[in-house]
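Asks: My questions all concern the structure below.
The values are calculated or read from the model by the stated rules, or taken from the named source; none is laboratory data. The structure displayed is predicted, hence computed values, not measured ones. Cβ coordinates were reconstructed from backbone atoms using ideal geometry, including for glycine residues, and neighbour counts include every protein chain displayed. These area figures cover heavy atoms from the full protein model, side chains too; ligands, DNA and RNA do not enter into them. Shrake-Rupley method; radii C 1.70, N 1.55, O 1.52, S 1.80 Å.
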Amino acid sequence: MTRPRSEQELRRREERAALEAAGINPYPYAWEVTRRSREVLETFDDARHQPVDGAPAPEPLRVSMAGRIMSKRIMGKAAFFHLQDAQGLIQVYVRRDDFPEGFYEEVFRKLLDIGDIVGIEGFAFRTRMGEISVHAERLELLAKALRPFPVEKEADGKVYNEITDKEFRYRQRYVDLVIHPEVREVFRQRALLVSTIRRFLDDRGYVEVETPVLQPLYGGAAARPFTTHHNALDIDLYLRIADELYLKRLIVGGFEGVYEISKDFRNEGLSRFHNPEFTMLELYVAYRDYRWMMDLVEEMVERVAIALHGTTEVVHGDRTLSFARPWKRIPLLDAIREATGHDLAGRDRDALAGIARSLGLEIDSSMGAGKIIDEIFGTFVEPNLVQPTFITDYPVELSPLAKRHRDRAGLVERFEAIANGKEICNAFSELNDPDDQRARFEEQARLRTAGDEEAMQLDEDYLRALEYGMPPTAGLGVGIDRLAMLMTGQETIRDVILFPLLRPEVERQGDDADVG
């Protein structure tokens, strides 16, 4: 059913019809932009650019700009409005006598609204109130906005409607980005974060590659996949949950350093830290181990912090996180012992379950020893790790793709980097013994039979690749979204994903928000 249009929308459509009747195209094709708002505000020089006593400036700062009308203030034969472009806001001065007869009264005043996109040509000057502005000598409508943007409404001292409604902002991110320029800045920072990582890896000679999104078998992580069907081949396929097994096939093939920054998909619940579609960096480097990879992670994340903030100190809420090297390093079982008083080393599954229950955790029959240890760690250790910390040396049961520890039986060479209470990356000395890998996959199959839906599948082609020989390799996975949360001070993953997954939208009743 078509949503009824509000009075404001009907009025704007009437304005569009009036523009067309006057011979004005409400959607022309292009506009030459020579300056943007921040550039004008930062380069304006009173000595060179300011008109004096009505005479032109010694060196007029001529501009051609485009953006949205965000406010309008009519003062008889002249008006001011604020123009918003990609860099910010700038005030524009419009005078009736500068335009063809009737344009100011009949078009600018009556038919142009807040939200309309316009192009202007003119010169910069400073008003008597001291604000750097643009005197528009030409103004052209570039796109008529048929929907009004929401405005804040106050009642009982509180602000209501979509401008502060998070769900509205996620669903209509295009509106959120217009109304909240600080949101645009978050995504500019995210883009800089990704480009900094890519430049860091490229400078070391690692090759960026692409691996399949649609996979006949899913692997590389403990997660449930999304399933789809290929009609021509009549086979089920899975959206990848990780890039790992394909990237390690490339190490077998002779690449010594490969990485991919890509979307992965996991059929899991939504939370402040989880979105089913998310961005990962995965990196694999031959002839290296997890100790070397810790050093690289420290250097890379430190580089990101400096690129975004000019310092290794990053403010997140009421906390200041220091990403300066070196970071603290703690073995996982040592961290659990310090937090709970329980030594889990060498305990079997039943003993671990008893300890977990004594700590108040719910344990079910599908949980193996590794899952129980992970539950204890996630409850009593991880939330309390504020400053960047490496948690190292995990039990074999938790890490089916990691190489056995060279010094400590029952453990693997793995680390997670945790900051502000959440994991931001995971890394291994990669398992390259094909027989050991087969045994780990078979154990995962046993866990699947016992009810663990996130246990890995046995991948015969990957095992075949390992049988050709994979060199010692260090592997890394970085959650780009979580790292972006840390680096931009956001509390939920939805604030660093432009279009997060939401439940289907329920049709609104009645008119939309008031017009601006």
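Asks: Considering only lysines 8 or more places apart in sequence, or on different chains, count the pairs in the chain whose C-alpha atoms sit under 22 Å apart.
Replies: Lysine pairs meeting both conditions in the chain amount to 13.
Asks: What are the extents of the Cα atoms of segment 325-379 along their three principal axes, listed from largest to smallest and rounded to whole Å?
Replies: 42, 21, 19
Asks: Okay, moving on. Give me the orientation-averaged projected area of the Cα convex hull of segment 1-127, in nm², one decimal.
Replies: On the way: hull surface 39.3 nm².
With the hull built on Cα positions only, its mean projection is 9.8 nm².
Asks: Quick one: accessible surface of HIS82, probe radius 1.4 Å, all protein chains present, in square angstrom to the nearest 10.
Replies: Spelled out: HIS82, probe radius 1.4 Å, area about 50 Å².
Asks: Which shape class, rounded, prolate or oblate, goes with segment 220-298 when its Cα gyration tensor gives a ≥ b ≥ c as root eigenvalues, a/c under 1.5 marks rounded, and past that a/b bigger than b/c marks prolate? Walk me through the numbers before you get to the answer.
Replies: Numbers: a/c = 3.17, a/b = 1.42, b/c = 2.24.
Since a/c reaches 1.5 but b/c is at least a/b, the shape of segment 220-298 is classed as oblate.
Asks: Could you tell me which residue out of ILE418, VAL301, SER37 lies farthest along the dipole of the chain toward its positive end? Charges go on the beta carbon: Lys and Arg +1, Asp and Glu -1, centred on the Cα centre.
Replies: SER37
Asks: Next question. In Å, what Rg and Dmax follow from the Cα atoms of the chain?
Replies: 29.3, 89
Asks: Which sequence of VAL52, VAL134, VAL386 reflects their accessible areas, 1.4 Å probe, from the largest down?
Replies: Values: VAL52 85, VAL134 0, VAL386 35 Å².
My answer, sorted largest first, is VAL52, VAL386, VAL134.
Asks: Separate question: Let me know the charge dipole size of the chain about its Cα centre in debye, to the nearest 20, where only the beta-carbon of Lys, Arg (+1) and Asp, Glu (-1) is charged. Don't skip to the answer; put the middle values down first.
Replies: Values: 70 positive and 91 negative charges, 208 e Å.
For this selection, approximately 1000 debye.
Asks: Specify which residue in the list MET70, ALA86, PRO51 is farthest towards the positive end of the charge dipole of segment 1-131, using unit charges on the beta carbon of Lys, Arg (+1) and Asp, Glu (-1), about the Cα centre.
Replies: Result: MET70.
Asks: Hey, any idea what % of the chain's accessible area is carbon plus sulfur with a 1.4 Å probe?
Replies: Numbers: 12320 of 25140 Å².
Of the solvent-accessible surface of the chain, carbon and sulfur hold 49 percent.
Asks: Based only on Cα atoms, what mean projected area does the convex hull of segment 388-487 have, in nm²? Show your work: numbers first, answer last.
Replies: Details: hull surface 30.2 nm².
For the Cα atoms of segment 388-487, the hull's average projected area reads 7.5 nm².
Asks: Could you quote the convex hull projected area for segment 231-366, Cα atoms only and averaged over all directions, in nm²?
Replies: On the way: hull surface 56.5 nm².
Quarter of the Cα hull surface area: 14.1 nm².
Asks: Turning to a different aspect of this structure: For segment 174-223, what does the alpha-carbon gyration tensor say about shape, rounded, prolate or oblate, given a ≥ b ≥ c as the root eigenvalues, a/c under 1.5 as rounded, and a/b over b/c as prolate?
Replies: On the way: a/c = 3.36, a/b = 1.48, b/c = 2.27.
Because a/c hits 1.5 or more and a/b fails to exceed b/c, segment 174-223 counts as oblate.
Asks: Further, regarding this structure: Starting from the Cα gyration tensor of segment 308-440, take the square roots of the eigenvalues, sort them a ≥ b ≥ c, and report rounded, prolate or oblate (rounded when a/c is under 1.5, otherwise prolate if a/b is larger than b/c, else oblate). Don't skip to the end; give the middle numbers.
Replies: Working: a/c = 2.37, a/b = 1.36, b/c = 1.74.
Verdict is oblate for segment 308-440.
Asks: Something else about it: For segment 377-516, give the magnitude of the charge dipole about the Cα centre (Cβ charges: +1 Lys/Arg, -1 Asp/Glu; no others), in debye to the nearest 20. Could you put the intermediate results ahead of the total?
Replies: Numbers: 15 positive and 28 negative charges, 104 e Å.
In debye, rounded to 20, segment 377-516 gives about 500.
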